[in-house]
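Some notes on the structure that comes next.
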Amino acid sequence: MPKMPKWVADAMESLVSNRFLKVVVSDCVYIHPSLKKITFSGDLRNIKFKTGQAVIFRVDDTNFRNYTPCVWDSASGRFEIIFHLHGRGPGSNYISGLQVNDTLLISPPRGFDFYKKKYNHHFFFGDETSIGFFKSLEQEIEGNGQQYTGILELNSDAALPDAFPGSRVKIVKASTTKAEQAIRFLQSIPEAQWELCKTGMFYLMGNARSIQAFRKAIKEKGISSKQIITQPYWVEGKIGL
């Protein structure tokens, strides 16, 4: 629900207020000029979270946005979200203004459980908007002693190495031809390594057009549809995807 009239948003928020979570901003840090990590605190004792689920923020009178936590700890009552600040919309403007001690209401986590534990190898493809999901997925995979690799298509090639040293993903520069550099790197993966990738699960997140292009490329390399999970977060020309 990206946008609705103010009176509808007010009515909905009032009707379901008992289901929303009251949280406080306990820490803010810029890990890159376009990436803001915020820690939230609240009573999460009865809340269950699954990798890839999102929480809803009301970012102004008429707009709502979904954001995926990278860390969630119900027992300690805290979670973290890495926000991509592109500076071109109500969500980015709202998050840029959040400061320590701000109080807000969010929805409980919602959505699918994306992580497929039965697979030993996992392959991730995404962009700045999906870094939170990637970090959440990475923790699950490493916690279970599994393997992962992947490709991040970023407008700034400095965004990930400084923020997440040691991550086993290839960073490529985004281009006007969606996923072009990512597909080029995909084609260069050694055959022995690709044979391992082919036994695993593929998670394609972020820009809808990049996802479409990359999905076509991995299917041409022998990956079946049942091994692919997609979650578009945005696409050019459409607000609130």
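The values are calculated or read from the model by the stated rules, or taken from the named source; none is laboratory data. Since the model is a prediction, treat every value here as computed from it, not as a measurement. Here the Cβ is made from the backbone with ideal geometry for all residues, glycine too, and neighbour counts use every protein chain on show.
If I go through the stretch 80-131 residue by residue, how many of them are part of a strand (DSSP E or B), over 23 Å from ILE171 (Cβ atoms) and either without any contact (Cβ under 8 Å) to a residue 60 or more places away in the chain or among the β-branched types (Val, Ile, Thr) (or both)? I'd like the intermediate steps shown before the answer.
If we filter the stretch 80-131 for residues that are part of a strand (DSSP E or B), which is where we start, we get 80-84, 103-106, 110, 121-126.
After this cut, where a residue has to be over 23 Å from ILE171 (Cβ atoms) as well, the list is 103-106, 110.
Remaining after also requiring either without any contact (Cβ under 8 Å) to a residue 60 or more places away in the chain or among the β-branched types (Val, Ile, Thr) (or both): 103, 106, 110.
Looking only at that region, the number is 3.
Can you tell me which residue within the stretch 119-131, out of those that are at pLDDT 95 or above and of a type outside the set (Phe, Trp, Tyr), is farthest from LEU186 (Cα to Cα)?
ASN120
Write out, first by first residue and then by second, each pair whose Cβ atoms fall under 6 Å of each other, whose residues are 6+ apart or on separate chains, and whose first residue, in the stretch 226-241, is among the polar types (S, T, N, Q) while the second is at pLDDT 90 or above and part of a strand (DSSP E or B).
GLN227/MET201; GLN227/PHE202; THR230/LEU204; GLN231/MET205
Kindly evaluate LYS48 against the criterion of being among the basic types (Lys, Arg), assigned to a strand (DSSP E or B) and modelled with pLDDT of 90 or more. Quick ask: steps written out before the conclusion?
Working: among the basic types (Lys, Arg): yes; assigned to a strand (DSSP E or B): no; modelled with pLDDT of 90 or more: yes.
No; evaluated as a whole, the condition is false for this residue.
Hey, could you check the stretch 58-82 for residues that are closer than 20 Å to PHE134 by Cα and among the hydrophobic types (A, V, I, L, M, F, W, C) and say which is surrounded by the most Cβ atoms within 10 Å (Cβ to Cβ)?
Kept after step one, since they are closer than 20 Å to PHE134 by Cα, are these residues of the stretch 58-82: 65-74, 78-82.
Applying the additional criterion that residues be among the hydrophobic types (A, V, I, L, M, F, W, C) yields 70-72, 79, 81-82.
Numbers: CYS70: 21, VAL71: 16, TRP72: 23, PHE79: 24, ILE81: 22, ILE82: 27.
That would be ILE82.
Output the residue which, of all residues in the stretch 41-60 that are in contact (Cβ under 8 Å) with a residue 60 or more places away in the chain and either touching a Phe, Trp or Tyr at 6+ places or on another chain (Cβ under 7 Å) or not hydrophobic (A, V, I, L, M, F, W, C) (or both), is farthest from SER136 (Cα to Cα). First the steps, then the outcome.
Going residue by residue through the stretch 41-60, those that are in contact (Cβ under 8 Å) with a residue 60 or more places away in the chain are 47-53.
Narrowing further to those that are either touching a Phe, Trp or Tyr at 6+ places or on another chain (Cβ under 7 Å) or not hydrophobic (A, V, I, L, M, F, W, C) (or both): 48-53.
Working: LYS48: 14, PHE49: 11, LYS50: 9, THR51: 6, GLY52: 7, GLN53: 10 Å.
By that ranking, first place goes to LYS48.
Return the pairs, sorted by first residue and then second, in which the second residue is basic (Lys, Arg) and assigned to a strand (DSSP E or B), the first residue lies in the stretch 195-213 and is without any contact (Cβ under 8 Å) to a residue 12 or more places away in the chain and under 17 Å from SER224 (Cβ atoms), the beta carbons are less than 8 Å apart, and the residues are 6+ apart or on different chains.
Cβ pairs passing all conditions: none.
Would you point out the residue of the stretch 65-79, among those that are part of a strand (DSSP E or B) and under 25 Å from ARG45 (Cβ atoms), that is nearest to the chain's Cα centre (by Cα)?
Pass one, the stretch 65-79, residues part of a strand (DSSP E or B): 65-67, 71-73, 78-79.
Filter once more, keeping what is under 25 Å from ARG45 (Cβ atoms): 66-67, 71-73, 78-79.
Numbers: ASN66: 10, TYR67: 7, VAL71: 11, TRP72: 13, ASP73: 17, ARG78: 18, PHE79: 14 Å.
The extreme case among them is TYR67.
What residue, among those in the stretch 66-115 that are β-branched (Val, Ile, Thr) and in contact with a Ser or Thr (Cβ under 8 Å, 6 or more places away or on another chain), is nearest to CYS28 (Cα to Cα)? Reasoning before the result, please.
Restricting attention to the stretch 66-115, the residues satisfying the condition of being β-branched (Val, Ile, Thr) are 68, 71, 81-82, 95, 100, 103, 106.
Imposing the further condition that a residue be in contact with a Ser or Thr (Cβ under 8 Å, 6 or more places away or on another chain) reduces the set to 68, 71, 81, 100.
On the way: THR68: 16, VAL71: 14, ILE81: 10, VAL100: 7 Å.
The residue in question is VAL100.
Do we find that ILE82 is under 28 Å from GLN227 (Cβ atoms), at pLDDT below 95 and aliphatic (A, V, I, L, M) in this structure? Lay out the reasoning, then the answer.
Details: under 28 Å from GLN227 (Cβ atoms): yes; at pLDDT below 95: yes; aliphatic (A, V, I, L, M): yes.
In short, yes.
All but one of (1) at pLDDT 95 or above; (2) surrounded by fewer than 19 Cβ atoms within 10 Å (Cβ to Cβ) hold for GLN139, so report the exception by its number.
Status for GLN139: all satisfied but (1).
Out of (1) at pLDDT below 90; (2) β-branched (Val, Ile, Thr); (3) outside the structural domain of TYR203 (by TED's automatic domain parsing), the odd one out for VAL169 is which?
(3)
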